[in-house]
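Every read-out reported here was derived from the displayed coordinates using simple, explicitly stated rules and does not represent laboratory data. Quantities reported herein were computed from a predicted structural model and do not represent experimental measurements. All Cβ positions, glycine included, derive from the backbone under ideal geometry; neighbour counts span all protein chains shown.
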Amino acid sequence: MNVDNYLFSYTSLNTYNTCPYRWKLIYIDKLPLAKKGYLSFGTTVHNTLKYLLMGPLLPTLESVVNIYRSKWISDGYRSKNEETEYFNVGIEILKEFYAYIENNKERARYVEYPITANISDFTLMGIIDRIDITENNKLEIIDYKTSRVPYTHMDAEDAEQLIIYQFLVENHFQQEVEKLTIFNLRNLDKITVPRANESKITSIKNKMEITVSGIKSDYFEPVENRFCNSCDFQSLCPLYNKEVVKDKELFVKGLKYVEIEQNIKKLETEKNTMGNELIEYAIKNGIRQIHIDNYIIKIMKNKKLYFTPDNIKKLQESDVKLNGVDEDKLIKKINDGSLNLFEIKRVLKKLNFKDEYTINITKHI
Ligand code: SF4
């Protein structure tokens, strides 16, 4: 595929790396994605912040709330209640954030700033939430997050996105970025890391080049991943397509197999219930054999040791030196014979064994 007229974003490249087939459905076939309330909410808040942060003067809180109302996107909420809940959370976020900005007398240098850059033979683009000038006359990139669970650290994926932004910003402004920040809007908490070094940027650029070369070579196979369950395109995906068997003979065999499997399970349950009744009868009457017709039903009693935490504790407290040996290691030691047989017997005597009954059927000769 020719990528000359394509603008690749971090999100789009990340989508391809997760599942090339999904990328094709979104970016080539242009299939629409289902609207999601949390995405609508994030966009509304980001659009309002642009108004709040831009310009030399802080606007009034009232005008910020009015902008928020006017920019509200109603798409994708599962119910009116959910939408109202999100709306109110947004008002709280804006009030708190407004007070924070007012106290710190902060004004942003650039907000929602779009940048493109050429990397080898493709074009990369990003829209940066906020860019500030630092005290050292360098730049700080700030990425706002509206997610319910605030970020507590910058994982590799978030860092990668910010490093791509760093590359775009430095390339565009020809000025060094000093720090990269994630700003949690729900608790006004910031996570800041220093700029990435050149080798990190080069390795991410190389990774992007590999991704784009996959797209250029028309590789669009589906790859099962942790997002499949929430993928909008399951019904179109070859990995999830349900095939209705057309071969009649195979269809009948399949049906028979399911039927047998279900019957086996049903019979197993019935067998266990009846077996328990026979065992109960034998215990109650102190007998070990029940003769029925030409068959002898023998009730076998075995002592079975369960390695429960209590058993393990007893073993550890015993005079066999087992302190610090965990359950798996202990069983291994017993099995491989490295624990002295005499010691094992002595310890096992102190343990509680559980009676286990099994049934054995023989025929009268
Ligand atoms: S269901 Fe999974 S494998 Fe299929 S298109 Fe969606 S993300 Fe890709």
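A simple spin-label model places the labels of residue 152 and residue 288 5.9 nm from each other, with each point 7 Å out along Cα-to-Cβ. When only Cα pairs below 8 angstrom with a gap of at least 6 residues are kept, the chain shows a relative contact order of 14 percent. In order along the range 78-85, phi translates into HN-Hα couplings of 6, 7, 5, 4, 4, 4, 5, 4 Hz, rounded to whole numbers, per the Karplus curve 6.51 cos²θ - 1.76 cosθ + 1.60 with θ = phi - 60° and x for Gly and Pro. Which residue, 161, 139, 150, has the largest displacement toward the positive end of the dipole of the range 134-179 when charges sit on each Cβ (Lys, Arg +1; Asp, Glu -1)? In the range 134-179, that residue is 150. Panel order for 250, 31, 57, 124, by other beta carbons found within 10 Å of each beta carbon, from fewest to most: 57, 250, 31, 124.
Taking the square roots of 5 times each eigenvalue of the Cα gyration tensor of the range 169-241, largest first, gives ellipsoid semi-axes of 34, 22, 10 Å. Listing 228, 19 from fewest to most neighbouring C-beta atoms within 10 Å gives 228, 19. Sorting the segments 87-94, 265-272, 131-138 by their residues' average number of neighbouring beta-carbon atoms within 10 angstrom, most packed first, yields 87-94, 131-138, 265-272.
Decide, for the range 7-236, between rounded, prolate and oblate: order the square roots of the alpha carbon gyration tensor eigenvalues as a ≥ b ≥ c, take rounded if a/c falls under 1.5, and otherwise choose prolate if a/b is larger than b/c, else oblate. It would help to have the intermediate numbers written out before the result.
Details: a/c = 2.13, a/b = 1.19, b/c = 1.78.
Judged from the Cα gyration tensor, the range 7-236 comes out oblate (a/c at least 1.5, b/c at or above a/b).
Determine the dipole magnitude for the range 7-236: charges of +1 sit on the beta-carbon of Lys and Arg, -1 on that of Asp and Glu, nothing else is charged, the reference point is the Cα centre, and the result goes in debye to the nearest 20.
Numbers: 27 positive and 31 negative charges, 75 e Å.
Using Cβ point charges on Lys, Arg, Asp and Glu, the range 7-236 gives about 360 debye.
At an R0 of 51 angstrom, the distance between the Cβ atoms of residue 47 and residue 244 translates into a FRET efficiency of 0.65.
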